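Taking it in order: structure first as structure tokens, then the write-up.
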Ligand code: AMP
């Protein structure tokens with residue numbers, strides 16, 4: 001089994017009620033690969049500029065992350081700035097500077113081409129599709145994330161890529177925007193007509209919901225007294241979700257449910273500190289302990 005991710009490796013400026021950081025390492029593929037590497041080996045495809053130093057790259061070292069597919073180009077690394085509301089349920093994007101991403105043409109190194117699990121993180125849907133065109137055989141699972149930026153700017157291209165997607169992993173407002181349906185179950189039904197067979201809806205402090213085969217499964221968010229920085233929670237969720245799935249023998253309902261829990265586990269760690277600070281220093285035992293907490297927290301007798 002091998003897991004491939006394509007997505008942004010970025011510098012972020014983030015402001016939350018707990019503090020402000022003008023420039024820190026971020027990007028969807030960064031959060032995803034660090035989170036997933038606690039479960040399995042990850043092949044990373046992305047692009048950085050000349051401002052991305054060896055110190056920045058050290059986040060990937062000493063982990064099961066292959067960076068052969070991380071291209072370097074002349075210019076600046078992707079930059080994103082965001083500000084969270086007082087209750088941290090809403091965020092405003094203050095800046096999206098594509099920089100080297102604008103000219104990015106993902107190229108899969110030969111060993112990546114047989115990846116069995118693929119996560120198309122939130123980037124231009126045309127780039128997501130170009131990754132799928134380069135794989136040598138049908139992957140077992142293709143999952144895709146997207147956001148309002150792409151839903152609004154490239155709706156046709158997104159629909160084309162969705163035709164080749166098994167699992168759509170998006171947040172609740174994007175689910176509504178993509179389907180034009182407020183009710184999430186109706187939205188899911190609409191999304192299934194576009195290609196995906198399963199929908200994972202990330203709901204921030206309300207956890208996450210899986211809809212597939214006429215079934216739903218919900219996991220609450222882990223109760224935390226203080227959330228410092230929600231940035232990357234969704235990508236870390238996806239890293240735990242896909243990282244676990246890549247280790248499962250079958251992608252059945254039971255495996256998907258466990259993947260949901262590991263997704264929520266990794267998302268909950270991500271928000272405990274700014275940027276990647278908490279994720280980078282995790283131990284597998286902490287992940288397992290938190291998964292057991294989820295098990296206890298959601299059990300009841302009838
Ligand atoms: P999340 O909080 O999980 O939704 O993801 C946050 C990460 O997504 C940040 O580290 C950003 O660098 C990255 N990001 C934000 N906007 C975009 C975009 N339009 N394309 C690619 N990555 C983005």
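Observations, loosely collected:
- Helices in the chain, meaning DSSP H runs of at least 4 residues, each add -39500 (n - 2.57). Divided by all residues, the mean residue ellipticity at 222 nm is -9500 deg cm²/dmol.
- Förster radius 22 Å - calculated FRET efficiency between residue 284 and residue 18 (Cβ-Cβ, nearest 0.05): 0.20
- Full extension of the chain between residue 41 and residue 89 gives 14.1 nm of extra length, using 0.36 nm per residue less the Cα-Cα distance.
- Shape call, the range 170-254: gyration tensor on alpha carbons, a/c limit 1.5: oblate
- Cα gyration tensor, the range 99-252 - rounded (a/c under 1.5), prolate or oblate: rounded
- log10 of Debye I(q)/I(0), alpha-carbon scatterers only, for the range 47-118 at 0.13, 0.16, 0.20, 0.22 Å⁻¹: -0.57, -0.79, -0.99, -1.04
- Between residue 190 and residue 116, the FRET efficiency estimated from the beta carbon spacing at R0 = 25 angstrom works out to 0.30.
- The ranking of 224, 282 from fewest to most other beta carbons within 10 Å of each one's beta carbon is 224, 282.
- Extending 7 Å from Cα along the Cβ direction at residue 302 and again at residue 156 yields two label points whose distance is 5.0 nm.
- Ranked 211, 141, criterion: other C-beta atoms within 10 Å, fewest first: 141, 211
- Taking a ≥ b ≥ c as the square roots of the eigenvalues of the Cα gyration tensor, the range 3-298 is rounded, since a/c falls below 1.5.
- Per-peptide packing, taken as the mean over residues of other Cβ atoms within 10 Å, places 22-35, 79-92, 58-71, 233-246 in the sequence 233-246, 22-35, 58-71, 79-92 from highest down.
- Here 289, 146 are placed in order of increasing Cβ neighbour count within 10 Å, fewest first, which gives 289, 146.
- In the chain, the DSSP beta bridges split such that about 40 percent are antiparallel, to the nearest 5.
Bear in mind these aren't lab numbers, they're just calculated from the coordinates by the rules spelled out. All of these numbers come straight from a predicted model, not from anything done at the bench. Don't worry about glycine lacking a Cβ; one is built from the backbone with ideal geometry, like all the others, and counts go over all protein chains shown.
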